[in-house]
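> Below are the structure tokens for one structure; questions will follow.
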Amino acid sequence: MSAPARASDSRAAIKALLCRFRLIEVLDEDPTHKTAWLLGRIAGEEEDAGEGESAGSGAVPGVDAAVVTVERLPFSVSVGAQAAAGLFADVSLDSGEQNDVYSWAAGAANSTAFGPDLRVSVIYPATAKHISKHRRQQRRWIRETPALYEQVVRPAIDAQPASRIQWVHNILSKRVEAERILFEDPDPEHGFIILPDLKWDTANPATMYLTAIVHRKDTRSLRDLDGTHLRMLKNIRAKSAVAAQRFGVPSDMLRLYIHYQPSYYHFHVHITNVSFVGPGMAAGRAHLLDTVISNIEDIAPDYYQRATLAYALGSDDELWQHWAAHPSSTG
Ligand code: G7M
């Protein structure tokens, strides 16, 4: 589809497309970000004119398929901007309850008093790749016992090419990102480097995101941690505070955690501002460093070689295939 030149032309073209959109499937929904991804087809002009629905209800990728993203926008209300009628004059309510001094209801705004309330984006024609990219992944809950780790996960990690963690070796050998290093303990057994995570632009301390990458090359994940790592783990905790100070974030505003499963099998710790909540912090993925230290120190040095670790795996994850091939992987 060629892009119309002016904003008003675009608006009219998008509106025309949306009017011809026939919903086939809700590909995914995210209640936290109030967003839905919809698959549909764009009806032909003659159908739109009411000359009957075309045969079949499917959409043909690359031809008439469209992916529409609908997102509810944040409120934008300014005091005094509303006419005398009042802010809620046009609101329609379709349910309501009252109890003592408390009242609540749901409905629709029907007005611009709260600012625009919807952002819509359209991919048309959408290819099969566009569609699968926006379709919710199938998810499975895994209970990984130590035996299953040996049978399924360790071989999967062993099968990964070394090039996958080349970026880590580049950082440790100071070939790249050297100027971004905030702290280094160069000890080959207990040492590590702390630097800003790729995802953080270093501009806003409220979203501070640092990573500690250890020098030890034999530690691939949480599973490998034991009593020999305690000194290093405690030192990461202590020196995170030093690194975070550079951005004015005090030590009691840090959240330190380890992913299991991680994306990269060279041990590292995530260091973030406690007020920042990101997708990598879900229960079942983020293991708090404080708890990890306590498990090894107070419960057992080989806690992580004995524990069953549970997590969710998406069907796009490489590990998924290994679990799918294993009959006893679900608990
Ligand atoms: O899920 P996992 O614990 O494996 O997370 C790895 C982290 O490494 C993520 O937060 C990535 O943003 C971060 N990361 C990945 N790469 C490729 C780089 C990189 O090249 N430089 C830095 N500084 N961080 C990275």
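No value in this document is a laboratory result; all are computed from the given coordinates. It should be emphasised that the depicted structure is a prediction, and the values quoted were computed from it without experimental measurement. Heads up, the Cβs are rebuilt from the backbone with ideal geometry, glycines too, and the neighbour counts pull from every protein chain shown.
> Residue by residue through region 212-229, what is 3J(HN,Hα) from phi via Karplus (6.51 cos²θ - 1.76 cosθ + 1.60, θ = phi - 60°)? Round to whole Hz and write x for glycine and proline.
Those phi angles translate into 9, 10, 7, 6, 4, 9, 8, 10, 9, 7, 3, 3, 8, 5, 8, x, 5, 9 Hz.
> Given the options Phe267, Ile293, Gly278, identify the residue whose Cα lies farthest towards the positive end of the charge dipole of region 248-317 (+1 on Cβ of Lys, Arg; -1 on Cβ of Asp, Glu).
Gly278
> Which ³J(HN,Hα) values, rounded to whole Hz and listed in residue order, are derived for region 234-247 from phi using the Karplus coefficients 6.51, -1.76 and 1.60 in 6.51 cos²θ - 1.76 cosθ + 1.60 with θ = phi - 60°, glycine and proline given as x?
Couplings: 5, 5, 4, 4, 5, 7, 4, 5, 5, 5, 5, 4, 4, 9 Hz.
> Still on this structure, I have one more. What is the dipole size for the chain, taken about its Cα centre, with +1 at each Lys and Arg Cβ and -1 at each Asp and Glu Cβ, in debye to the nearest 20?
That gives the chain a dipole magnitude of about 840 debye.
> So, one more: Region 72-168: which chymotrypsin sites (Phe, Trp or Tyr not before Pro) are DSSP loop and have at most 11 other beta-carbon atoms within 10 angstrom? The partial results should precede the final answer.
Details: sites: Phe75, Phe88, Tyr102, Trp104, Phe114, Trp141, Tyr149, Trp167; in loops: Phe75, Phe88, Phe114.
Sites meeting the loop and neighbour criteria: Phe75.
> So, one more: Helix 7-19 sits at what angle to the longest principal axis of the chain, using alpha carbons and giving 0 to 90 degrees rounded to 10?
Result, in degrees: 90.
> Ok, one more. Name the residue from Ser132, Val168, Tyr102 whose Cα lies farthest towards the positive end of the charge dipole of the chain, charges +1 on Cβ of Lys and Arg and -1 on Cβ of Asp and Glu.
Val168
> Tell me, what HN-Hα J-couplings in whole Hz come from the Karplus equation 6.51 cos²θ - 1.76 cosθ + 1.60 at θ = phi - 60° for each residue of region 169-175, using x for Gly and Pro?
Whole-Hz 3J(HN,Hα) from phi for region 169-175: 5, 4, 5, 5, 8, 6, 6.
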